[in-house]
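Q: Sharing a structure below in structure tokens format, with a few things to ask.
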Amino acid sequence: MSRATEQPRRVEYSESTRAALVESAVALFTERGYAQASLDEITGRARVTKGALYHHFGGKRALFEAAFEEVEIGVVARLADVMPGERDPWEELRAGLEAFLRVCLEPAFQRIVAQEGPVVLGYQRWYDLGERYTFGLVRGSVQRLVHTGRIEDSVSVDVLARVIFGGLSSGAATIAGSDDPNRTSVEVGEALERLLRGLRDG
């Protein structure tokens, strides 16, 4: 085997090892929670050594952050599918809200992002990561509303987007902590819908 061939294979193996660890971490952090999911269980499920875990992540918290980002990346991909920036901006924002509320009922999002994310990562890091992903979609949607004249251009896009993003984050936490997430999801959706109607009528 030539060195030219060996190097890409090493990279491929390294990437597959990392992906297996993240996949295992998402599953076990969702099932057991951060405190109860052991590194031995995670590496065993991924069929890699603990040394490989430390090589890629350095420790449990860094692995949790990678699992958190993996969940968020999946959420953004799904929201982007219903918010392509090609339809009426109000309808896209509503479609994005409905899709987000469905995500809020999923165990991985509830446990890793909404419940344990702020605790394990610290509030600021958790918030920063949320801004890196879902906030961009919210801001883009608000920007289109302003650009098309559906909202007055006197409104700060950044401020309004952060208010909506804050409402989504708070709603997700409320749903995740509820004894009846399905009912609470409907209530959160109605509250956010009223907020959006207020913007539209204002």
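The values are calculated or read from the model by the stated rules, or taken from the named source; none is laboratory data. The shown structure was predicted, so the numbers you read here are calculated from the model rather than taken from an experiment. Neighbour counts are summed over all protein chains in view; Cβ atoms, including those assigned to glycine, are modelled from backbone coordinates with ideal geometry. Surface accessibility is based on the protein's heavy atoms, side chains included, excluding ligands, DNA and RNA. Shrake-Rupley method; radii C 1.70, N 1.55, O 1.52, S 1.80 Å.
Q: If you count only protein heavy atoms and use a 1.4 Å probe, how large is the accessible surface of Arg139, to the nearest 10 Å²?
A: 80
Q: For the chain, with all protein chains present and a 1.4 Å probe, just round the carbon and sulfur fraction of the accessible area to a whole percent. Write out the running numbers ahead of the final one.
A: Values: 5450 of 10920 Å².
Carbon-and-sulfur percentage of accessible area, whole number: 50.
Q: Quick one: what are the phi-derived ³J(HN,Hα) couplings along the stretch 183-194, Karplus 6.51/-1.76/1.60 with θ = phi - 60°, whole Hz, x for glycine and proline?
A: For the stretch 183-194, the Karplus-derived couplings read 5, 5, 4, 5, 5, 4, x, 5, 5, 5, 5, 5 Hz, x marking Gly and Pro.
Q: Now for a separate question. Taking the Cβ-Cβ separation of Arg194 and Glu23 as r and a Förster radius of 45 Å, what is the calculated FRET efficiency to the nearest 0.05? Intermediate results must be reported in sequence, preceding the final value.
A: Numbers: r = 39 Å, r/R0 = 0.86.
After rounding, the FRET efficiency stands at 0.70.
Q: Given a Förster distance of 22 angstrom, what is the FRET efficiency for Arg150 paired with Asp81, based on the Cβ-Cβ distance and rounded to 0.05? Working shown, then result.
A: Working: r = 22 Å, r/R0 = 1.00.
E(calc), rounded to 0.05, equals 0.50.
Q: If amide H atoms are built 1.01 Å from N in the plane of the peptide, which residues on other chains or at least 5 residues away come under 5 Å of the amide H of Ile151?
A: So Ile151 has HN proximity to Val146.
Q: Here's another thing I want to ask about it. State, as an integer percentage, the relative contact order of the chain based on alpha-carbon contacts under 8 Å between residues 6 or more apart.
A: Numbers: 179 pairs, mean separation 39.5, N = 202.
Relative contact order of the chain: 20 percent.
Q: Please list Asp128, Asp81 from largest to smallest accessible area, probe radius 1.4 Å, with all protein chains kept in place. Before the final figure, lay out the partial values.
A: Working: Asp128 65, Asp81 125 Å².
The most accessible residue leads, giving Asp81, Asp128.
Q: Picking from Ser178, Leu137, Thr148, whose Cα lies most toward the positive end of the charge dipole for the stretch 100-202 (charges on Cβ: Lys, Arg +1; Asp, Glu -1)?
A: Thr148
Q: So how much accessible area does Arg162 have, in Å² to the nearest 10, using a 1.4 Å probe?
A: Looks like 100 Å² after rounding.
Q: How long are the three semi-axes of the equivalent ellipsoid for the stretch 89-151, computed from the Cα gyration tensor as the root of 5 times each eigenvalue, in whole Å, largest first? Mind showing how you got there, number by number?
A: Details: eigenvalues 141, 46, 7 Å².
Largest first, the stretch 89-151 gives 27, 15, 6 Å.
Q: Let me ask another. Please work out how much accessible surface Thr148 shows to a 1.4 Å probe, ignoring ligands, DNA and RNA, in Å² rounded to 10.
A: The accessible area comes out at roughly 70 Å².
Q: Using just the helices of the chain, give the 222 nm mean residue ellipticity in deg cm²/dmol: DSSP H runs with n ≥ 4 each add -39,500 (n - 2.57), and the total is spread over all residues, rounded to 500.
A: Numbers: 10 runs with 149 residues, N = 202.
Only helices count here, giving -24000 deg cm²/dmol.
Q: If you don't mind, there's one more thing I want to ask. Dipole size in debye (nearest 20) for the stretch 143-194 around its Cα centre, Lys and Arg Cβ +1, Asp and Glu Cβ -1?
A: Charge dipole, the stretch 143-194, about its Cα centre: 160 debye, nearest 20.
Q: Seen from all sides and averaged, what is the projected area of the convex hull of the Cα atoms in the stretch 73-202, in nm²?
A: Values: hull surface 29.6 nm².
For the Cα atoms of the stretch 73-202, the hull's average projected area reads 7.4 nm².
Q: Using a 1.4 Å probe, what is the accessible area per residue for the stretch 70-140, in Å²? Write out the running numbers ahead of the final one.
A: On the way: 3270 Å² over 71 residues.
Heavy-atom SASA per residue in the stretch 70-140 reads 46 Å².
Q: Quick one: putting +1 on the C-beta of Lys and Arg, -1 on the C-beta of Asp and Glu, what dipole do you get for the stretch 24-113 around its Cα centre, in Debye to the nearest 20?
A: Working: 11 positive and 14 negative charges, 114 e Å.
Taking the Cα centre of the stretch 24-113 as origin, the dipole is about 540 debye.
Q: Further, regarding this structure: Roughly how big is the chain's charge dipole about its Cα centre, with Cβ charges of +1 (Lys, Arg) and -1 (Asp, Glu), in debye to the nearest 20?
A: Values: 25 positive and 30 negative charges, 122 e Å.
Dipole of the chain, to the nearest 20 debye: 580 debye.
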